[in-house]
Every structure is written in C-alpha cells, then in structure tokens.
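Enquirer: I'd like to ask some things about the structure below.
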Amino acid sequence: MLWIDERVALQEWELSEAFTRASGPGGQNVNKVSTAVELRFEAARSPSLSEPVKRRLQRMAGRRWTLDGALIIRVEDTRSQARNREIARERLAELIRKALTPPRRRIPTRPTLGSKRRRLAAKTKRGAVKALRGGVSPDAE
C-alpha cells in the first residue's frame, strides 16, 4: 500500500512495475542490469481518487497519461534498481498530492485609477505618433 496523505492510500493492485535496461552512460552495468523502473498506476480505475482529482491528475500528467487511463512514470536516475523504485513512487505520490489540492478560484480585480490614466495617456501618445505619419501632399516640393 502506498500512502499519499492521511486520507488517500493506493492499493497494490493499482500499481505495477516493469524493469528495463537504462539508457545513457554507466559502463558494463548499463548493459547487464535492468535498473530502470517503469511504474504504472491505473488511475482511471482507482477507487482511491475522486473524479475531479482524476481529471486534474490527467491534465498534470500530460504525455504520461495513456489512452486506457493509466499514468506511467519512468525513472532511470540511479544505478540502483531499489532506489529508482523509491524515486518513482515518490514522484507518483507528489503528483497525486498536487492533484488533490483544488486550484484556487481567481478573484477578478478592478483596474486602479492610475492604471486607467496611464493606459489612456499611452493610447493618446501612440495616436499622436500615428497621426504624424500622414500622406505627403503633392505640392510639397
């Protein structure tokens, strides 16, 4: 069981791990040992998360969200398979924690009197510059 916070915990059946060889430098170790971890979380089928949280999680996950509703996190940061597993679970938990907090509603504010005056002064100045770009009269030789 993976605890996200005191209210949310993911069951083991929701998570699956696959191990592959990591890419990049690492000498013979990278060619022999499968240290990269691909953690798959069945988010769409998860009873632990509410629908609004799932929608926020999908938006935050981006390309990591598959068509069948799974979230895939791939980690190949270290040469240790166990450490990569820990990092993958930490990243999943952090992503879900961010999705659990609903975004704050924006409260629209009114423009200040000073900002209105500055905007109008800038428009007047710009209009004056454009007004000076007139056509040339034919008798201006």
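Bear in mind that the values in this text are calculations on the coordinates, not laboratory data. Just so we're clear, the structure is a prediction, and the values are computed from it rather than from any experiment. When we count neighbours, we look across all protein chains shown, and the Cβ atoms used for this are built from the backbone with ideal geometry, even at glycine.
Enquirer: Specify the inter-centroid distance of the stretch 79-129 and the stretch 6-69, based on alpha-carbon positions, in whole Å.
Expert: 26 Å
Enquirer: Measuring from the lowest to the highest alpha carbon on each principal axis, how far does the chain reach, largest first, in angstroms?
Expert: 86, 43, 27
Enquirer: Sticking with this structure for a sec: Relative contact order for the stretch 2-100: what is it in percent, counting Cα pairs under 8 Å that are at least 6 residues apart?
Expert: It comes to 30 percent, rounded to a whole number.
Enquirer: Which is the longest stretch in the chain that no exposed loop site breaks, taking sites as trypsin sites (Lys or Arg not before Pro) with a DSSP loop state and at most 14 other Cβ atoms within 10 Å?
Expert: 46-78
Enquirer: Here's something else I'd like to know. Please get the size of the charge dipole for the chain, origin at its Cα centre, with Cβ charges of +1 on Lys and Arg and -1 on Asp and Glu, quoted in debye to the nearest 20.
Expert: Magnitude of the dipole: close to 1320 debye.
Enquirer: For the stretch 30-43, in order, what is each residue's ³J(HN,Hα) by Karplus, 6.51 cos²θ - 1.76 cosθ + 1.60 with θ = phi - 60°, in whole Hz (x at glycine and Pro)?
Expert: Values per residue, Gly and Pro as x: 5, 8, 9, 10, 8, 9, 6, 10, 10, 8, 10, 10, 6, 5 Hz.
Enquirer: For the stretch 16-96, what does the equivalent ellipsoid look like in terms of its semi-axes, each the square root of 5 times an eigenvalue of the Cα gyration tensor, given largest first in whole Å?
Expert: 28, 11, 10
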